[in-house]
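Enquirer: Take this structure, written in structure tokens, and hold onto it; I'll ask about it next.
Taken together, the values in this text are just the output of simple stated rules run on the coordinates, not laboratory data. Owing to the predicted nature of the structure, the values given are computational and were not obtained by experimental measurement. Reconstructed Cβ throughout: ideal geometry from the backbone, glycine too, with neighbour counts over all protein chains shown.
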């Protein structure tokens with residue numbers, strides 16, 4: 001499966017992550033790492049960490 005399709009499917013259930021990725025706050029590389037461990041219960045904190053990381 002194409003990486004972009006996989007990311008899109010996972011982001012359907014992760015609203016904060018999807019919004020951060022769509023607005024460019026989180027890069028493609030960061031979102032790939034984030035979705036491998038994110039769930040609706042921890043994604044807010046992970047988005048915050050990803051946003052602060054360089």
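Enquirer: Considering only residues that are touching a residue at least 24 places away in the same chain (Cβ under 8 Å) and part of a helix (DSSP H, G or I), which ones fall in the stretch 32-49?
Expert: Within the stretch 32-49, 32, 35, 43, 44, 46, 47 qualify.
Enquirer: Residues in the stretch 20-31 that are surrounded by 11 or more Cβ atoms within 10 Å (Cβ to Cβ) and part of a loop (DSSP other than H, G, I, E, B): how many?
Expert: Qualifying residue count, the stretch 20-31: 3.
Enquirer: Report, by residue number, each residue of the stretch 37-54 that is under 9 Å from the mean Cα position of the chain (by Cα) and under 22 Å from residue 2 (Cα atoms).
Expert: Selection gives 38 alone.
Enquirer: Please enumerate the residues belonging to the stretch 13-26 that are within 9 Å of the chain's Cα centre (by Cα) and closer than 13 Å to residue 49 by Cα.
Expert: 16, 17, 20, 26, listed by residue number.
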